[in-house]
Ligand SMILES: [Zn+2]
Ligand SMILES: [Zn+2]
């Protein structure tokens, strides 16, 4: 559908986990990027916020043997968090409320400006010492639902 909009986001990005067992191909760019300070992300990331990109599931292809576990997210929906069972790198989450979307960890890809967060969310859960990205929309909890 996006081919009709003329958006210059047809690039294909290659990424993967730290040990190389999981690789991922992303088509169409990072979509909506966010910095998430929720309590679950702090635990899963080892203390920091998660840097994530919500993309269309159809634009994202994984290879390798992933593992996942279900939690109830702070917004009340089921979140399945996937990771590499060999090195533990968190790869992505699937949201029960948005089955056609995937929430990718941007750390899977080589550092690049395109992955910078466009909004910061769940800042109400951030400890005082978290750095919250300045100059972008900030939400105490979940951002408003998107179409
Ligand atoms: Zn790995
Ligand atoms: Zn989070």
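Structure notes:
- Options 73, 6, 107; residue that is modelled with pLDDT under 95 and surrounded by 17 or more Cβ atoms within 10 Å (Cβ to Cβ): 73
- Counting only strands (runs of 3 or more DSSP E) wholly contained in region 1-116, the ones carrying 2 or more residues that are within 16 Å of ligand 2 (Cβ to nearest atom) and either under 27 Å from residue 129 (Cβ atoms) or touching a residue at least 12 places away in the same chain (Cβ under 8 Å) (or both) occupy 32-36, 50-56, 67-72, 78-83, 90-95, 98-105.
- Candidate set: region 44-62, residues that are under 15 Å from residue 102 (Cα atoms) and exposed (fewer than 13 other Cβ atoms within 10 Å of the Cβ); chosen: the one farthest from ligand 1 (Cβ to nearest atom): 58
- Evaluation of residue 129 against (1) touching a residue at least 40 places away in the same chain (Cβ under 8 Å); (2) over 25 Å from residue 22 (Cβ atoms); (3) assigned to a loop (DSSP other than H, G, I, E, B) (one fails), failing number: (1)
- Single unsatisfied condition, residue 39 versus (1) touching a helix residue (DSSP H, G or I) at 6+ places or on another chain (Cβ under 9 Å); (2) within 16 Å of ligand 1 (Cβ to nearest atom): (2)
The values are calculated or read from the model by the stated rules, or taken from the named source; none is laboratory data. Just so we're clear, the structure is a prediction, and the values are computed from it rather than from any experiment. Cβ sites come from the backbone with ideal geometry, for glycine too, and all protein chains shown count toward neighbours.
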